[in-house]
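> Before I ask anything, let me first share the structure, which is written out below as C-alpha cells.
The numbers here are math on the coordinates, done by the rules we state, and not lab data. Every value quoted in this text rests on a predicted model; they were computed, and no experiment measured them. Every residue, glycine among them, receives a Cβ derived from its backbone with ideal geometry; neighbour counts consider all protein chains shown.
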Amino acid sequence: MKKLASILIFLFSGFVFSQSSVSSFEKYPVFKECAQSSIDSLEECFNTTIKQFVFKNFNIPNIVSSENYKGKSEVLFEVNKKGEFNVLYVDAGYNEIKDEVKKVFSLLPKVTPATYNGNATYVQFTFSFNIPLEEPILEVNENTETPNNITKEYEEIKRLKFDNEEYYSNLNIPLSTQNYSRFDAVLNQIGTNSHTSQKPFLYTDVNKYYNFKEENGKLLKDKTSWFGRKWWNEHMVAYKGKDFWFTLDPGVDLQIGKDIESDIDTYNNTRLLYVQGGIGKKLSFFTVFYESQGRFADYFNRYAESIKPDGGNPAIIPGRGIAKEFNSDAYDYPVATGYLSYTPSKYFNFQLGQGKNFIGEGYRSLFLSDNASPYTYFKINTTIWKLKYTNIWMSLKDVRSEVLNDNKSYKNKYMAIHYLSYHITKRLNIGFFESVIWENDGNGFDLSYLNPVIFYQAIQFSIGSRSGNALIGLSSKFKISDKINVYGQFIIDEFSSSDVFGGEGSWKNKTGYQIGMKYYNAFGLKDLYLQAEYNRVRPFTYSHNTIVLNYGNNNQSMAHAFGASFSEFLLIGHYNIGRIFGDAKIIIAKRGFDFDTPEDQFFYGADIYGNEANRPYEIGNEVAQGNTADFFFTELQVGYLINPSTNLKVYGSVIYRDFKPKINTETVFESQTTWLNIGIRTDLFNWQNDF
C-alpha cells in the first residue's frame, strides 16, 4: 500500500496558514495534544490545533453579522521562547474583528516553544481567513490512496454552533401585529429604503434596521440548565451543519375563558409543531401543523356557523379553516401551512406555499388582508433601486353549495396581484395595486395572467370583461418625522368613471378608502406605539355579477373583515417593556346588512357573496344602507413573552362587543358580549376577533 500522503488543511471559508519566521528553527512549537506526534507531523498538528481552537472560540461580532459582511482578514502572531502566543498585527475590515482575534489568541494555552540547535527560540506565523466562518474540513490529495477515506465520511459530518440562523435567513417573520410593533418604528425612519406595505417581511430585510440577535439578546435570562435554556431562551431543537440548519419546536394555543352574557365557558386547545431551516444561503423552508379544538364566545360561534361550507361540516373558523363537530358544542379544526423561500440574488425572492399575505400600512387592508383562511400561493418580490414589486398568484376556494362543481367538489378560483411600491422621496412612498379574480371554468389556470408586468385590465379586456373581476388601487405613506407617519389606500372595483364620479350613488360606484396615522415612541415614552385609522367602503364593492368571482376565500373576505358597506374608525396601542407587553384596541363602526325578511329579500351590498342582480336601487346607494347596525368593539390584552426565540407568550384579555342593528332578524340581531380570556400561545399568526 502506498504511503498515506493526505494532509489536514483546515479552512475558514478559505484558510491560509504560513510561517513567517524571524528566527530559524528545527522543531515546531508543540501543543500537549501533539506531544506524541513525530517530528515530521508536528507542523501539521500545530496548524490543525490552532485552527480548531480558533474556530471553536471565535464569535462573529454582531455588527459583522447584521451587515452580512464578507471579506478576508490576516493575523500576524508570534510564539515566543516561553511558548506564549502574542498577536503582532491584525488586518481586518472591522475593529470588532480585530478585538475578537486578540481575545481568542489570548486564550491559547502555553506550548513547548520552537527550538533551534536544541535551544528555545521564537517564530512568527501568518494566518488568513475569510468571513463568514466555516468549520475546518478534511481535504485529501486526490492522487493518494486512502483506504479509510470513504468509511470516514460519517465521522466528518460535524455539528456547528447554532447562532439564531433565522435572523439572517430569507424566512418570513411570523405575521403578528404585536410582534411587528416591536420594530415598525425603525423601518419607518426618514431616509430608510424599506418597503413596509408588502407583508410578511423577510428577516434579511428587517435585520438591516433592527438587530434581532442584539435586541432579543437583551431579553435573555441567565439560565444554564437544559430546561431553563429551552423554556426561556432557545428553540427546543436547533441544529447547524456545514451547509444547512433547522429548528424544531412544539407549540400551543391554550385558552380558557367566559362569555359572560351568554354564559358560555370558552376554550381553545391547539397543539402545534413547526420546523424551519435553510439549505445553503439561498433556500429556506418553514412548515407548521395545528391540531385544534375550541368553543368560543356566542357571536364568534354564530359567525363561524353562518359561513359553514357545503357538505355537512358545521362551521368555518374565521382565519383558520373548515371545522367538524366536537363534543356536540365545540369545533375541531386542523390547519397546516408552510412555504419554500428561494433568494437567488439580492434583487429577487420567490416563495411557494400555503399561508397568507398582507398588502398595506394599516391594521386593516382594502387590498389584501390576512383575515381569511390560508390559501396556496406563489409570490415573487423584486427589490431594486427605490422600487419593490410584488406578484402573487393564489388558488382560492368557494365552498357554497350553489357553486359546487359537477362532481360535488368545491369550486376553485384564482387571484393574481401586482403591487408596485416606489419611494418618490425619503419621506414619500406611493403604491400601485391591481388584482384580478377568475374562475376555473374547466380549463385550469389561465396562463394569460402569468405575465408579471402587463396590466390585468388589458388582459381581462382581451379575453372578455365578464371573465374576471378586476380591482385597482393606490396607496401612499408620508413620513412627517421619525415618530409620525400618515398613510392611505384607495380602491376601485369594476372601474366606471361616470358612476364613480357621477355623484348619484350608483350601485356601480364600488370604491373604498383608508386614511391612518402611526405615532412611535408616543409622548416621549419609548416603545409606546399608537395608531389611528379610518376605513370606508361603499356597498357592492368586492362582489360581482358572477357571484363566484367575489373577493373571497372559504366564505371570508380577502380584504376587510367587514366585507363592504361600512365606515369604521379604530384606535390601537402597543406597549413593550422588555418581555412585558400590553395592547389596546377600540373600534367604532356603522355596518350595513340585508333584512332577509319575507317582505324584503333584497341584497343591499354588504355581503361580498351576495347576488348583485338582486339589488334594491340603481342609484341613491349609501354606505351602511339596509339593516344599518351600530358596532362597538374594544379589547385590552396584557401579557409576558416567555421565549423570544419561539414567540411563546402568556396573556390575559378582555373583549367587549356591542352590536345594535336597526331591526333584529334571524342572523342579524342585537347582542352585547363581554369575553374574558387567559392563555398561553405560540404567536405565529394574527387571529382577530373584531368582526
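> If neighbour count is taken as other Cβ atoms inside 10 Å, put W687, W226 in order from fewest to most. It would help to have the intermediate numbers written out before the result.
Working: W687 16, W226 9.
Listing W687, W226 from fewest to most nearby Cβ atoms yields W226, W687.
> Take every Cα pair under 8 Å in the chain that's 6+ residues apart, average their separations, divide by the length, and report that relative contact order as a whole percent.
Working: 1669 pairs, mean separation 68.7, N = 691.
That works out to 10 percent.
> Want the number for Y422 to I515: 0.36 nm per residue separation, take away the alpha-carbon distance, what's left?
Details: separation 93, 0.36 × 93 = 33.48 nm, distance 1.87 nm.
Full-extension gain reported as 31.6 nm.
> Could you work out how much longer the chain between R159 and T376 gets when fully extended? Use 0.36 nm per residue separation minus the Cα distance between them, nm to one decimal. Display every interim value, and only then the final one.
Working: separation 217, 0.36 × 217 = 78.12 nm, distance 3.47 nm.
Between R159 and T376, full extension yields an extra 74.6 nm.
> I'd like the distance between the alpha-carbon centres of segment 219-285 and segment 647-691, rounded to an integer number of Å.
About 24 Å separates the Cα centre of segment 219-285 from the one of segment 647-691.
> Evaluate the distance, in nm, between pseudo-label points positioned 7 Å from the Cα of E214 and of Y342 along their respective Cα→Cβ axes.
3.5 nm
> Under a point spin-label approximation (7 Å from Cα along Cα-to-Cβ), what is the E67-E325 distance to one decimal in nm?
If labels sit at E67 and E325, their model points lie 6.5 nm apart.
> For the charge dipole of the chain, defined by +1 on Lys and Arg C-beta atoms and -1 on Asp and Glu C-beta atoms about the Cα centroid, which residue among V275, N677, W507 has the Cα displaced farthest towards the positive pole?
Projecting each Cα onto the dipole axis, the largest value belongs to V275.
> Size of the dipole of the chain about the Cα centre, Lys and Arg at +1 and Asp and Glu at -1 on the beta carbon, nothing else charged, in debye to 20? Could you put the intermediate results ahead of the total?
Values: 71 positive and 77 negative charges, 431 e Å.
Here the chain has a charge dipole of around 2080 debye.
> A further question follows. Using packing as a proxy for protection, rank 309-317, 45-53, 496-504 so that the peptide with the highest average count of other Cβ atoms within 10 Å comes first. Walk me through the numbers before you get to the answer.
Values: 309-317: 17.9, 45-53: 19.8, 496-504: 12.3.
Top of the packing list down: 45-53, 309-317, 496-504.
> Let me ask you something else. Sorting check: for 234-245, 478-489, which peptide has the highest mean count of neighbouring beta carbons within 10 Å, and how do the rest follow?
Working: 234-245: 16.0, 478-489: 17.9.
With the highest mean Cβ count within 10 Å placed first, the list reads 478-489, 234-245.
> Can you give the local net charge around T673? Use residues other than it whose beta-carbon is closer than 13 angstrom to its beta-carbon, Lys and Arg +1, Asp and Glu -1. List each step's numbers first, then the result.
Numbers: positive: K258, R302, R657, K660; negative: D259, E261, D263, D298, E635, D658, E670, D690.
Neighbour charge sum, excluding T673 itself: -4.
> Another question, if that's okay. If I stretch the segment between L254 and F445 completely, what's the gain in nm (0.36 nm per residue apart, minus their alpha carbon distance), one decimal? Walk me through the intermediate numbers first.
Details: separation 191, 0.36 × 191 = 68.76 nm, distance 3.97 nm.
In short, 64.8 nm is gained.
> What is the local net charge at P174, summed over the other residues whose Cβ is closer than 15 Å to its Cβ (Lys, Arg +1; Asp, Glu -1)? All intermediate terms of the calculation are to be shown ahead of the outcome.
Working: positive: R182, K199, K356, K649, R681; negative: E166, D184, D205, D249, D253, D370, D683.
Result for the local shell: -2.
> What FRET efficiency do you get for I577 and A35 if R0 is 51 Å and r is their Cβ-Cβ distance, rounded to the nearest 0.05? Each step should come with its number before you reach the end.
Values: r = 55 Å, r/R0 = 1.09.
According to the calculation, E is roughly 0.40.
> With θ set to phi - 60°, apply the Karplus curve 6.51 cos²θ - 1.76 cosθ + 1.60 along segment 562-577 and write out the HN-Hα couplings as whole Hz, x wherever there is a Gly or Pro.
Result, rounded to whole Hz: 7, x, 9, 6, 7, 10, 9, 10, 9, 10, 9, x, 10, 9, 10, 10.
> If you average the C-alpha positions of segment 88-107 and of segment 600-637 separately, how far apart do those two centres end up, in angstrom?
One Cα centre to the other: 68 Å.
> Work through the residues other than V87 whose Cβ is under 10 Å from its Cβ and net out their charges, Lys, Arg +1 and Asp, Glu -1. Before the final figure, lay out the partial values.
On the way: positive: K98, K102, K103; negative: E78.
Charge balance near V87 sits at +2.
> Here is a follow-up. If I model a spin label as a point 7 Å beyond the Cα along the Cα-Cβ vector, how far apart are those points for F569 and A584 in nm?
Distance between label points: 1.7 nm.
> Can I ask one more? For segment 473-625, what log10 I(q)/I(0) values come out of the Debye formula at q = 0.12 1/Å, with one point per alpha carbon and no solvent?
Once normalised to I(0) and log-transformed, intensities are -0.61.
> Then there's this: Which value, in debye to the nearest 20, gives the size of the charge dipole of segment 345-431 about its Cα centre, when Lys and Arg are +1 and Asp and Glu are -1 at the Cβ?
Numbers: 13 positive and 5 negative charges, 67 e Å.
For this selection, approximately 320 debye.
> Please go through the residue pairs K98/K158; K324/K408; K199/K585; K240/K282; K479/K649 and name each one whose alpha carbons sit more than 25 Å apart in this structure. If you can, show how the numbers build up before the last one.
Numbers: K98/K158 27 Å; K324/K408 18 Å; K199/K585 21 Å; K240/K282 15 Å; K479/K649 32 Å.
Table pairs above 25 Å Cα-Cα are K98/K158; K479/K649.
> Also, I was wondering about something else. With +1 assigned to the C-beta of every Lys and Arg and -1 to the C-beta of every Asp and Glu, and no other charges, what is the dipole magnitude of segment 285-373 about the Cα centre in debye, to the nearest 20?
300 debye
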